[in-house]
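The values are calculated or read from the model by the stated rules, or taken from the named source; none is laboratory data. This is a predicted model, so every value here is computed, not measured. A quick note on method: Cβ atoms are made from the backbone with ideal geometry, for glycine too, and the neighbour counts reach across all protein chains shown.
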Amino acid sequence: MSKATTLETVINHVHQNSINHFDEVMPVHEMEFDSLKRMWISGKQIDIAPTAQHLLSNRLRVPYSYLSRCPEDLQARNLNYWIEQERQYRDTFFCRFNGDTLRAVFTERYQPLDNMEILAQLLQLGFGPNLQVQYSLDHGMFLLKIPEYDKAFGVNSGHGPLDEIVPGIAFSNSEVGLIAFSIESFFYRLVCTNGLISVAKARTSRFKHISSRGLENFPATLSMVMDGSALNQIEFKLSRESHVGNPIKSIESFSRRFGLTHNEAEIVKTTFEQEPGDNLFAVINAFTAAAKTEGLSTADVYKFEKTGGQILSLIKP
């Protein structure tokens, strides 16, 4: 779940979280595994974080689902065999560490973009330290949302109590390869504090970690995303008018379409029962409400809120 605080607090938290982070290009021939969770690099034994376990499994073409069920000695035999094969094609890996723990491993094509660099860009563009923001941060992903409360708009078409949506901007990034760096529109429903991350209307708002384009295009992309959010306001109002005959079936269909697991779809159906409705707005609201479920990772929060945005984008004004 996202926390509400100030930009200064986020900066302090991100700085403290990254105080032991460092990167090194390491020779592949000096890597040897004790198990999926422990290995040696250049004569030093280190732990392997879950994010790096998945990355190494993918890189060495050994399914993580298989490796994680194997006993440690079999994990080591598999990984050491395939790291030996990798040495025929590659001399080094770009490794990201947190103290004595390997948190990610990439080829040298990877271009790191750290969360502190994104925050530094915001300060340079005039976003003040006392700015009210929402954020979520864990070992896999960083998600920062900046609501613009002065631009709130209503979506209840004059019926019932005022239901306001606050537009804003969302910045998402993963230092360990879970997602690309993105700048997207964000919408915050005041009555229930649900958030929605919109499909960006800007042409280039998502930047893979293989170049410095994310930082180079930061101001222009931010401007384009902010300008493009106006269309989402129309889509929100139309979603209230879009009748849905069987909301549960619609939730199941959208979940399959946008890659949610069966368990994630069940969470959405449960949250729908808390505020049911027979229109598309209620269906979207169920997905965004699911992001407030206790115990979710930042990636899970982003997935639910982004799915709500993808459904909203299907509406054609």
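Residues that are in contact with a Lys or Arg (Cβ under 9 Å, 6 or more places away or on another chain) and more than 16 Å from D23 (Cα to Cα): does the stretch 109-131 have at least one? No: zero hits. Among the conditions (1) buried (at least 17 other Cβ atoms within 10 Å of the Cβ); (2) within 23 Å of I179 (Cα to Cα); (3) among the β-branched types (V, I, T), the only one that I19 does not satisfy is (1). Exactly one residue among T307, T288, T270, T293 is assigned to a loop (DSSP other than H, G, I, E, B) and either in the same structural domain as S136 (by TED's automatic domain parsing) or at pLDDT 90 or above (or both), and that residue is T293. Taking only the stretch 139-152 into account, find how many residues are surrounded by fewer than 16 Cβ atoms within 10 Å (Cβ to Cβ) and either outside any loop (DSSP other than H, G, I, E, B) or in contact with a helix residue (DSSP H, G or I) (Cβ under 6 Å, 6 or more places away or on another chain) (or both). The number of residues fulfilling the criteria is 3.
In the stretch 79-114, of all residues being within 31 Å of the chain's Cα centre (by Cα) and polar (S, T, N, Q), the one that is farthest from R213 (Cα to Cα) corresponds to T101. The single condition among (1) surrounded by fewer than 15 Cβ atoms within 10 Å (Cβ to Cβ); (2) at pLDDT below 95; (3) over 21 Å from R109 (Cα atoms) that N12 does not meet is (2). Of T288, T293, all but one fail to be touching a residue at least 24 places away in the same chain (Cβ under 8 Å), within 22 Å of L137 (Cα to Cα), surrounded by fewer than 20 Cβ atoms within 10 Å (Cβ to Cβ) and β-branched (V, I, T); the exception is T293. Does N78 satisfy the criteria of being in the same structural domain as S35 (by TED's automatic domain parsing), more than 21 Å from V176 (Cβ to Cβ) and in contact with a strand residue (DSSP E or B) (Cβ under 9 Å, 6 or more places away or on another chain)? Yes: the conditions hold for N78. Mind listing whichever residues of the stretch 46-63 are crowded, with 17+ Cβ neighbours inside 10 Å and either part of a strand (DSSP E or B) or of a type in the set (A, V, I, L, M) (or both)? Of everything in the stretch 46-63, those that are crowded, with 17+ Cβ neighbours inside 10 Å and either part of a strand (DSSP E or B) or of a type in the set (A, V, I, L, M) (or both) turn out to be I46, I48, A49, A52, L55, L56, L60, V62. Within the stretch 273-285, the set of residues being farther than 21 Å from E184 by Cα, in a helix (DSSP H, G or I) and polar (S, T, N, Q) comprises just one member, Q274.
The helices (runs of 4 or more DSSP H) falling completely within the stretch 206-254 that include 1 or more residues that are touching a Phe, Trp or Tyr at 6+ places or on another chain (Cβ under 7 Å) map to 213-216, 230-241. Does C95 satisfy the condition of being at pLDDT 95 or above, surrounded by 14 or more Cβ atoms within 10 Å (Cβ to Cβ), part of a loop (DSSP other than H, G, I, E, B) and not polar (S, T, N, Q)? No.
All conditions in (1) in contact with a helix residue (DSSP H, G or I) (Cβ under 9 Å, 6 or more places away or on another chain); (2) in a loop (DSSP other than H, G, I, E, B) hold for S136, with the sole exception of (2).
Here Y110 meets each of (1) buried (at least 17 other Cβ atoms within 10 Å of the Cβ); (2) at pLDDT below 95; (3) outside any loop (DSSP other than H, G, I, E, B) with one exception, condition (3).
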